[in-house]
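Participant: What follows is a single structure, and I will ask about it in a moment.
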Amino acid sequence: MFQAVGHRAADAFIDTAAVMSNLDLIITADTSTAHLAGALGCPTWLALKYVPDWRWLLDSDDSPWYPTMRLFRQKMLYDWSTVFQDIVIELDNAHENHYMDEADVLRLVEQSNPHIKGTAIGRLDLKGIERKLKYDNHILDAELYGDLKGNLVVNVELRRPIARIVQNDGRDSYIAEDGAIMTVSEKYTSRVMLLSGPAALRLLKSGNMNKTDEGKALMEIIRLVRENDFWKAQIAQLDIAENGKITIYPQVTGQEVQFGKPENIAEKFKKLMVFYKVILPQRGWTRYERVNLEYEGQIIAE
């Protein structure tokens, strides 16, 4: 009987561990649940009483035993309200862009005001904190407010990348839907169209694609490709020369597409569609090495 009970207890821990491994965040009191979550390396928030177990030490908000754990301590004996009247992160990430998580946002909030915990919401400069959060180029918008329980709610909307600028001698960057240039993330890689070439540095220096005519024209191409299933599947990379002329490298067919400068964009894509839908099926998919769309009313295939 004792062995049966022990067996069921062991199974319970295995089941709990399986559930924990699929959670974004675990919030718990000081029980075996906390140690199991910490041992698994799960993101964990632990609520501690004023005089905690010795394992949690006294003043720190982290644990030397469990790197993924944050400690929330009572500030007064028997007072749990100060533990739970804290910061609630709401991450608006409808497109599954995992460049930031709740812990990253919380860290930014605390950096904006190191004494934010325990400070009455009415004494906080919420608009100032919102502005500081928006300095991070992954964040499109941020809103802070207090809820009925006295928690500070931080609602953050992330930018969505639509293209990636690649450099041979520098760090890559993303282009967001609103044209903003975003740094890449070590946590997540987005599968988007690539932009390369000598002109890439000009784009990076602008900080936003919409600040220059060249950037606006390239955004028009990127959006056209993203909104058309055929082009989205076919076009892998735009290489932009110093003079602004674009070469397109496709995903499937092997032809290099000399697009020229980003002008008459819709007309050039119509000609490229004729090349793919009419000319290649008739003349052979491997017959041509390059196709030139620069000249009005002409498709030059070589």
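The values are calculated or read from the model by the stated rules, or taken from the named source; none is laboratory data. Here the structure is a predicted model, which is why all the values come from computation and not from measurement. All Cβ positions, even for glycine, are placed from backbone atoms using ideal geometry, and neighbour counts span all protein chains on display.
Participant: Only one of ILE246, ILE222 is over 23 Å from the mean Cα position of the chain (by Cα), among the hydrophobic types (A, V, I, L, M, F, W, C) and surrounded by 14 or more Cβ atoms within 10 Å (Cβ to Cβ); which? Outline the logic, then answer.
Facilitator: Values: ILE222 fails: over 23 Å from the mean Cα position of the chain (by Cα).
Just a single option satisfies the conditions, and that option is ILE246.
Participant: Let me ask something else about it. Can you tell me how many residues within segment 236-287 are over 28 Å from GLY215 (Cβ atoms) and of a type in the set (D, E, K, R)?
Facilitator: Residues meeting the conditions: 3.
Participant: Go over the candidates GLN258, GLN251 one by one and state the one that is polar (S, T, N, Q), at pLDDT below 90 and not assigned by TED's automatic domain parsing to the domain that holds LEU140.
Facilitator: GLN251
Participant: Could you list, in sequence order, the residues of segment 285-302 that are under 39 Å from the mean Cα position of the chain (by Cα) and part of a strand (DSSP E or B)?
Facilitator: The answer is ARG290, VAL291, ASN292.
Participant: Considering (1) assigned to a strand (DSSP E or B); (2) surrounded by fewer than 16 Cβ atoms within 10 Å (Cβ to Cβ), say which one LEU144 fails and leave the rest.
Facilitator: (2)
Participant: Moving on to the next point. In segment 49-71, what count of residues is obtained for those that are surrounded by fewer than 12 Cβ atoms within 10 Å (Cβ to Cβ) and touching an Asp or Glu at 6+ places or on another chain (Cβ under 8 Å)?
Facilitator: 1
Participant: How many of the residues making up segment 177-214 are at pLDDT 90 or above, in contact with a helix residue (DSSP H, G or I) (Cβ under 9 Å, 6 or more places away or on another chain) and not in a loop (DSSP other than H, G, I, E, B)?
Facilitator: Final tally of qualifying residues: 8.
Participant: Looking only at segment 266-284, which residues are under 39 Å from the mean Cα position of the chain (by Cα) and either farther than 17 Å from ILE235 by Cβ or surrounded by 15 or more Cβ atoms within 10 Å (Cβ to Cβ) (or both)? Quick ask: steps written out before the conclusion?
Facilitator: First pass over segment 266-284, keeping only residues under 39 Å from the mean Cα position of the chain (by Cα): 266-277, 280.
Once the filter is applied, which keeps residues that are under 39 Å from the mean Cα position of the chain (by Cα) and either farther than 17 Å from ILE235 by Cβ or surrounded by 15 or more Cβ atoms within 10 Å (Cβ to Cβ) (or both), segment 266-284 yields LYS268, PHE269, LYS271, LEU272, PHE275, TYR276, LEU280.
Rundown of residues vs (1) at pLDDT below 85; (2) more than 28 Å from the chain's Cα centre (by Cα); (3) among the acidic types (Asp, Glu); (4) closer than 26 Å to ALA34 by Cα, yes/no style:
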{"position": "MET76", "(1), (2), (3), (4)": "yes, yes, no, yes"}
{"position": "ILE87", "(1), (2), (3), (4)": "yes, no, no, yes"}
{"position": "LEU91", "(1), (2), (3), (4)": "yes, no, no, yes"}
{"position": "HIS95", "(1), (2), (3), (4)": "yes, no, no, no"}
{"position": "VAL109", "(1), (2), (3), (4)": "no, no, no, yes"}
{"position": "ASN113", "(1), (2), (3), (4)": "yes, no, no, no"}
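Participant: Same structure, new question: Does LEU46 count as under 26 Å from MET100 (Cα atoms), surrounded by 10 or more Cβ atoms within 10 Å (Cβ to Cβ), under 26 Å from the mean Cα position of the chain (by Cα) and of a type in the set (A, V, I, L, M, F, W, C)? Step through it out loud before you land on a result.
Facilitator: On the way: under 26 Å from MET100 (Cα atoms): yes; surrounded by 10 or more Cβ atoms within 10 Å (Cβ to Cβ): yes; under 26 Å from the mean Cα position of the chain (by Cα): no; of a type in the set (A, V, I, L, M, F, W, C): yes.
Considered against the rule, which asks whether it is under 26 Å from MET100 (Cα atoms), surrounded by 10 or more Cβ atoms within 10 Å (Cβ to Cβ), under 26 Å from the mean Cα position of the chain (by Cα) and of a type in the set (A, V, I, L, M, F, W, C), LEU46 comes out as no.
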